[in-house]
Amino acid sequence: MKRVLLPILGVFVLVLACGSAVLADAIDDPLHGQCNGTGSGTCIDNGTNTPLGNSTTFGFTISPGPQTGDLIIDLLIPNNYSVPSSFAINFAATNTLAGTANQVAGIWSSGTLAGFLGIGASPNNPIGAYLPSTQALDSGATGFFVFQADLGTMTILANSGATTAGGLFNVPTGFGNDSGAYIVAFCGTGCTGNANPYVATANSGALQVPEPAALTMLFVGLLGLALLTRRRVLSV
């Protein structure tokens, strides 16, 4: 009888372990940035990041969702930029202050963002998922200044709840001038399904500021196309 029960128990334990792993894997990439910008590729996850483009508002969704928890916003600024003492994070709908992003001591230049902040998070956001894309826009950057705002308990919509409105918050004043900078988020107490204290942003779900010159070229291209179309219409 024992010989029969032992294999059965072993299989049962294995199933439970696999089931736990599946549940853990399901929340590895839970937070994704959304924004209200326009133009080719803007606010669309391209597999590396989510370009912020000309957006004026941003927010984050979560999977599985919706979830209610402690929402923390982090601004990652290339370390060769001059930075203010803090950034104001305002609600887009009412323009009332939601929180202040203050600078975290030090420069994040290696390891993971979770490690730099001294927290446990999934995913842990390795520097390699962010710095190469920033250096492609700003070759002088060797890391990031990190600014963090704890906005308190908020309900975060499911990924399917993303809207063209682009989210709850205004892009902080001056932030969009920092080519290669990112906005990421964490969900702390209240968010479920994670063995770590914090649910982090998917690496490719991080909102990145594009190079201003690239936006100028895009605008010039669109303007040229509009003029060409107008000429063709007039000639007809």
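Rule-based calculations on the coordinates, nothing more; no lab input. Fair warning: this is a prediction, and the values are worked out from it, not measured in the lab. Neighbour counts are summed over all protein chains in view; Cβ atoms, including those assigned to glycine, are modelled from backbone coordinates with ideal geometry.
Of note:
- Taking the average, over residues, of other Cβ atoms within 10 Å as the packing measure, peptides 133-143, 86-96, 176-186 rank 176-186, 133-143, 86-96 from highest down.
- Proximal charge balance of Pro132 [Cβ under 15 Å; K/R count +1, D/E count -1]: -2
- Packing-based ranking of 204-210, 47-53 yields 204-210, 47-53, ordered from highest to lowest mean Cβ neighbour count within 10 Å.
- Packing-based ranking, highest mean first, of 60-71, 118-129 given that Cβ atoms within 10 Å are counted: 60-71, 118-129
- The order of Leu168, Leu31, going from fewest to most other C-beta atoms within 10 Å of their C-beta, is Leu168, Leu31.
- Potential extension, Thr173-Ser82 segment - 0.36 nm per residue separation minus Cα distance: 31.4 nm
- Normalised by the number of residues in segment 28-224, the average gap of Cα pairs under 8 Å and 6 or more apart makes the relative contact order 37 percent.
- Remark: segment 28-224 carries a charge dipole of roughly 140 debye about the Cα centre, counting +1 on each Lys and Arg Cβ and -1 on each Asp and Glu Cβ.
- Summed side-chain charge close to Gln148 - residues other than Gln148 whose Cβ falls under 15 Å, Lys, Arg +1, Asp, Glu -1: -3
- Ala105-Ala136 FRET efficiency (beta carbon distance; Förster radius 25 Å; 0.05 resolution): 0.35
- Stokes-Einstein D in µm²/s, Kirkwood radius over Cα pairs - segment 28-224 at 25 °C with 0.890 mPa s viscosity: 148
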